[in-house]
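Below is one structure, written out as structure tokens; the observations come after it.
The values are calculated or read from the model by the stated rules, or taken from the named source; none is laboratory data. As the structure is a computational prediction, the values presented were derived from the model and not from experiment. Glycine gets a Cβ as well: all are built from the backbone with ideal geometry, and neighbour counts include every protein chain shown. Side chains are part of the model used for accessible areas, which takes the heavy atoms of the whole protein and leaves out ligands, DNA and RNA. Shrake-Rupley method; radii C 1.70, N 1.55, O 1.52, S 1.80 Å.
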Amino acid sequence: MDDHVMTIDGVPVVGEAPPVAVVDPATEQVLAHAPGCSPGQLDEAMGSAERALRGWRRDDGQRRAALRAMAGALEDAVDEVALLLTREQGKPLVDARREVMTAAVWLRYFADLERPREIVQDDERRFVEIQRAPIGVVGAITPWNFPLALAMWKVGPALRAGNTVVLKPSPFTPLSTLLCGRIFAGHLPPGVLNVVSGADALGPLITAHPVPRKISFTGSTATGKRVAVSAGADLKRVTLELGGNDPAILLPDADVAALADTLFWNAFANNGQVCLAVKRVYVHESVHDDLVDALAAVASAVRVGPGTGDGVRLGPVNNAPQYARVSELVGDALRNGGRAVTGGRETDGPGYFYPPTILDGVTAGHRIVEEEQFGPALPIIRYRDVADAVRQANSGMYGLTASVWAQDVDRAAEVATDLDCGQVSINVHGGAVLPNLPFGGHKWSGIGVENGIWGLDGFTEMRVVSRPPRPRADG
Ligand code: NAD
């Protein structure tokens, strides 16, 4: 499986820098090598994106048609792309297929999106309109948890707005994105979408490169800060979608039996490797024991195994450093008074399999409560007073998403307005991640938003055009 190639100026390109070994997390064996993009090849990709701009920015109809064709081509290739995604990422095949189809939904949404004109004055004195101009070449950098969906959150709106793109996937999961580059090449003029791969060190070369005028980045907060510094030095525009430590608050009247399954999957889907997964649960003491028992019952019934296995709901953790991190945070909790109600330790290899872990007896101050675990371990924190739960939920520097769970939905909605984050849902977590809604974080969880008209506008510069009035038909 070493025939993976980049797409530069529309054509397949092998790497000139050392290749990157991609490991199958279910076996810990090298699955394939991704090309290493050399600095010279990055220059070529940037140059071709720059050359493609002139034609691409002119014709919105062409852009819409191309995005629709890309969506269709992706759907047609779902079997091949999903299998590759499962092999490199670890997620169950059914989830990989869903991710591919979701990526197509996003492309189609941006093809169809109607952006109303913004005419601010149209009278006998002036005609004044705010136009949305493309920014230029966009450097798009993605993480390994949802490589395709998150790439299309960028590619769809960036291309629709008239920009061209150089896309770099994570070195842990480059293969499915590289494959998409080849699939899309048949539907785009050369240079409009370049896909390059390499080690982490390729990222800073993109953010420091003089050509891109915007960096759209999804990844960790630590890297996001580096991206902001690098892009800031050149006044590049940035959108940063970063980490989260997303709280769920269960109010005293929460119906634990009814919500446990949903809450569990909102925390553990994709093995908890979701920026907006529930990462800590604050539960009122009156329903605490019931919740722990109910979550433990769901966790114990989950089938963990290779993503290609029958009936598997959770695959391996994606990579060795992430596996070590989950182990470390759980170990820290257990050494400091926490109790693993389920799971709590690594399984015997091979494969980065970690059982879904429900942690009880943890409080503020435990690392797994304060930090983003990004894995299959969920701390349950008991509280007495709702105001105190809200204070704890708002503590720390993350502010991505949150949820409030209660039978009294109005009361839950009231609590929701006290939470400092980009999205809060009632009786579900992350219930509003849709192509037409803005998604982004407060505080260290990011800058700017993706999706919807707001996400599209993030790939534009405003241009005010003021001209003498148009001749009026009525004279
Ligand atoms: P990461 O920050 O390690 O890597 C993300 C990407 O940045 C990769 O492509 C990597 O190669 C690249 N990169 C590394 N160093 C770079 C540098 N100095 N300059 C530019 N690029 C560089 O993140 P990850 O481990 O791949 O992803 C997990 C993190 O992503 C979690 O914190 C998660 O919460 C976050 N995430 C956020 C969202 C969101 O929408 N807010 C979505 C998914 C994941």
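For the pair D76 and D388, what calculated FRET efficiency results from E = 1/(1 + (r/R0)^6), where r is the Cβ-Cβ distance and R0 = 56 Å, to the nearest 0.05?
Efficiency at R0 = 56 Å is approximately 0.60.
With the Cα gyration tensor of the range 1-130 in hand, give its eigenvalues times 5 under a square root as the equivalent ellipsoid semi-axes, listed largest first in whole angstrom.
38, 22, 12
With axes computed from alpha carbons, what is the tilt in degrees of helix 320-335 against the longest principal axis of the chain, rounded to the nearest 10 within 0 to 90?
30
Please calculate how many Å² of accessible area the range 384-475 carries per residue, with a 1.4 Å probe and no DNA, RNA or ligand atoms counted.
Ligands and nucleic acids excluded, the result is 51 Å² per residue.
For a protection proxy built on the mean count of beta-carbon atoms within 10 angstrom, sort 330-336, 358-364, 272-278 highest first, please.
272-278, 358-364, 330-336
Tell me, what does the Kirkwood hydrodynamic radius of the range 166-248 come to in angstroms if you use every pair of distinct C-alpha atoms?
14.0
May I ask what percent, to the nearest 5, of DSSP beta bridges between residues of the chain are antiparallel?
45
Testing the spin-label approximation: label points 7 Å from Cα along Cα→Cβ at D253 and A208. State their distance in nm.
5.8
Using a 1.4 Å probe, what is the accessible area per residue for the range 267-352, in Å²?
That works out to 40 Å² per residue.
Could you pull the Cα extents of the range 260-304 along its three principal axes, largest to smallest, in whole Å?
Answer, in whole Å and largest first: 30, 23, 12 Å.
Quote the convex hull volume per residue of the range 96-152, based on C-alpha atoms, as a whole number of Å³.
98
Give or take rounding to whole Å, what are the principal axis extents of the alpha carbon atoms in the range 365-456, in descending order?
Computed over the range 365-456, the largest-to-smallest principal extents equal 42, 32, 23 Å.
Any idea what Rg and Dmax come out to for the range 228-364 if you just take the C-alpha atoms, in Å?
17.2, 54
Could you tell me the center-to-center distance, by alpha carbons, between the range 237-278 and the range 75-139 in angstrom?
When both Cα centres are located, 25 Å separates them.
Of all the accessible heavy-atom surface of the chain, with the other protein chains kept in place and a 1.4 Å probe, what percent is carbon and sulfur?
On the chain, the fraction of accessible area on carbon and sulfur atoms equals 54 percent.
Report, to the nearest 10°, how far helix 221-233 tilts away from the longest principal axis of the Cα atoms in the chain, using its own Cα long axis and a range of 0 to 90°.
The helix 221-233 is inclined about 20 degrees to the chain.
Tell me the Kirkwood hydrodynamic radius of the range 70-212 in angstroms, computed as one over the mean inverse distance between distinct C-alpha pairs.
On the way: mean 1/r = 0.0613 Å⁻¹.
When all Cα pairs of the range 70-212 are included, the Kirkwood radius is 16.3 Å.
Let me know the charge dipole size of the chain about its Cα centre in debye, to the nearest 20, where only the beta-carbon of Lys, Arg (+1) and Asp, Glu (-1) is charged.
It comes to approximately 1580 debye.
If each Cα of the range 230-286 is one equal point scatterer, what is log10 of I(q)/I(0) from the Debye formula at q = 0.28 Å⁻¹?
Cα-only, vacuum Debye calculation for the range 230-286: -1.12.
Round to the nearest 10 and report in Å² the accessible area of H284, as given by a 1.4 Å probe over the protein chains' heavy atoms.
About 30 Å², ignoring ligands and nucleic acids.
Measuring with a 1.4 Å probe in the full set of protein chains, what accessible area per residue, in whole Å², belongs to the range 160-214?
Normalised by residue count, the accessible surface of the range 160-214 is 25 Å².
May I ask you to order 379-391, 31-43 by the average number of other C-beta atoms within 10 Å around their residues, highest value first?
The peptides rank, most packed first, as 31-43, 379-391.
I need the peptides 146-159, 87-100, 249-262 ranked by packing, meaning the mean over residues of other C-beta atoms within 10 angstrom, with the highest value on top.
Put in order of decreasing packing, that is 146-159, 87-100, 249-262.
Per DSSP H run of at least 4 residues, take -39500 (n - 2.57); add these up for the chain, divide by its residues and hand me the 222 nm value, nearest 500 deg cm²/dmol.
On the way: 15 runs with 181 residues, N = 475.
That calculation yields -12000 deg cm²/dmol at 222 nm.
Quote to one decimal, in nm, the extra length available between D60 and A297 on full extension: 0.36 nm per residue of separation minus the C-alpha distance between them.
80.1 nm
Over all Cα pairs of the chain, how is the pair count split among 10 Å bins, expressed in % and running from 0 up to the last occupied bin?
P(r) over the chain, rounded to whole percents: 4, 20, 29, 24, 15, 6, 2, 0, 0.
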